[in-house]
Amino acid sequence: MSRLLLKGLAGFALGLALWLGLTEPYNRLVAVSAEGVVRLFEDPNRTDLRPDGKQVVIYRSDVPVGTKRPGIPLHDLTFNVILLTVLFAIDRRPFSNRNVGMYLLSLLILFPTHVFALIAWVQDLYASGFGGEISARYSDLEKSVWTNAILFYRLVGQFGIPLILRWSLTPEGSAADPAAPDSRAPKKRRPRRG
Amino acid sequence: MFRQLRNRRNLYPPLVVVGAVPMKRKGFVLRFAVLLPLGFLLVVLPWVQTHVLQPFTQWLAVASAALLGVVGHEVSRVGTIISSPTFAVDIRNGCNGVEAALILVAAILAAPASWKNKLIGVLGGFVVLQAVNLVRISSLYLLGFYNRDLFDLFHSAVWQVLIILVAFGIFVFWSLKIAKGRDVAAAA
């Protein structure tokens, strides 16, 4: 139990250090990717997402200069990397090739979810926050979909994804396995012969 | 077949294991992935927000204010806001533990166990989770009172992750010690 706690603490410290240390370059990568995807569906291209510290600020070419630019706290969408790191750190053999490989694979899978979350937040702002001509382009259904998409991600999605990755990519019998055999459960005895 | 999988797993670790998730676990993960959005849809219903979550969050504010009083911080409370002359916190969705409760409930309902054990897990887990959440809210208030930078870090990341880890820990404890043990004992 104490070893598990120690592993969890070490994973937490590592995840926190990763998240704090790489926030700015990672935000740039997520912002560039999200901007590319948003622009695929824009004609002409209006969206310009610029990372500014822990935020991503939305610049739109059709919004007058001097208007207040809305910012999205991107670090609020990416901190689930800490949770993911803890979940892989508590493995029985955290430094095994398999576990490290799965952790790196999970980080790769997490990246597009962060991009999608940023896109959803940007679209939610366009649909409901900007008002005027920009918001008028969105139907009520579209507004509802984007609002609920970002709400879902922020409330439970960002926590559910690391758990699903952990459960999907680790073998049965690990500490987090709901189907792991209980060592304390009474075992059936073989009847003695003879 | 399993030996083959094991051998292939050694050769191509990241790729083969994804396709080799055992069916029992696959079923659990699929049920969890379906139940989580369903739980979300339930809690965003306006009726649930007004008649369940708001009164519950107000009760949390009352309990947190009382806990802060016990540790020597007299605060006033209006609705879901706890305040003193220099600092105030507003408890909203995401701070009321609903996200951790949804994760826990979805995981317990998705797991292979009897309904009786699921009920024990949901009720017991919810009580433990909210006890930890009271500590979370009170500690966040104290952090904000003394150090705003630490408050931001703990509010936006540290406590959010910790409360989910508590839910995860409760689930693991339940699945290993309560559900599995008793189910196996009953079946034996």
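Rule-based calculations on the coordinates, nothing more; no lab input. Since the structure is predicted, the reported quantities are computational estimates derived from the model, not experimental observations. Counting neighbours? That spans all protein chains shown, and the Cβs are built from the backbone with ideal geometry, glycine included.
Among A:THR23, A:THR67, A:THR113, the largest mean-square fluctuation in a Gaussian network model of chain A, built with springs joining Cα atoms closer than 10 Å, belongs to A:THR67. Partner aspartates and glutamates whose Cα lies under 20 Å from the Cα of A:LYS68, excluding those fewer than 8 positions away in the same chain, are identified as A:GLU35, A:ASP48, A:ASP52, A:ASP124, A:GLU133. For the segment B:158-168, counting C-beta atoms of other chains within 10 Å of every residue's C-beta and taking the mean gives 6. Taking a sphere under 14 Å around the Cβ of A:PRO25 and counting the other residues whose Cβ falls inside, with K and R at +1 and D and E at -1, yields a net charge of 0. Cross-link pairs exceeding 22 Å in C-alpha to C-alpha distance, out of A:LYS7/B:LYS118; B:LYS118/B:LYS177; B:LYS26/B:LYS118, comprise A:LYS7/B:LYS118. Return a whole-number percent for the relative contact order of chain A, with Cα pairs under 8 Å and 6 or more residues apart as the contact set. It rounds to 21 percent for chain A. Taking the Cα atoms only, what angle lies between the long axis of helix A:2-40 and the longest principal axis of chain A, rounded to 10 degrees? Compared with the principal axis, the helix lies near 30 degrees. In degrees between 0 and 90, to the nearest 10, how far off the longest principal axis of chain A does helix A:97-124 point, with axes built from Cα atoms? Helix A:97-124 sits roughly 30 degrees off the main axis of chain A. Counting every other Cβ atom within 10 Å of each residue's Cβ, B:VAL78, A:VAL145 order from fewest to most as B:VAL78, A:VAL145. Of the residues B:PHE154, B:ALA106, B:LEU140, the one whose Cα sits farthest toward the positive end of the charge dipole of the range B:29-188, with +1 on the Cβ of Lys and Arg and -1 on the Cβ of Asp and Glu, is B:ALA106.
With the biggest extent put first, the Cα atoms of chain A measure 91, 36, 24 Å across the principal axes. How charged is the neighbourhood of A:LEU14? Take every other residue with its Cβ under 15 Å from the Cβ of A:LEU14, and add Lys/Arg as +1 and Asp/Glu as -1. My count for the surroundings of A:LEU14 gives 0.
Helix A:140-152: angle to the longest alpha-carbon principal axis of chain A, degrees 0 to 90, nearest 10? Relative to chain A, helix A:140-152 is tipped by roughly 40 degrees. 3J(HN,Hα) along the range A:55-61, derived from phi through the Karplus expression 6.51 cos²θ - 1.76 cosθ + 1.60 where θ = phi - 60°, amounts to 10, 10, 9, 8, 9, 10, 5 Hz, with x in place of Gly and Pro. Residues considered: A:PHE41, A:PHE111, A:PHE159. Largest GNM mean-square fluctuation over chain A, using C-alpha springs under 10 Å, is found at A:PHE41. Rounded to a whole number, what is D in µm²/s for the range B:23-187 from Stokes-Einstein with the Kirkwood radius over alpha-carbon pairs (4 °C, 1.567 mPa s)? It diffuses with D of about 76 µm²/s by this estimate. From least to most packed, judged by other beta carbons within 10 angstrom and beginning with the fewest, B:TYR141, A:TYR26, A:TYR59 follow the order A:TYR59, A:TYR26, B:TYR141.
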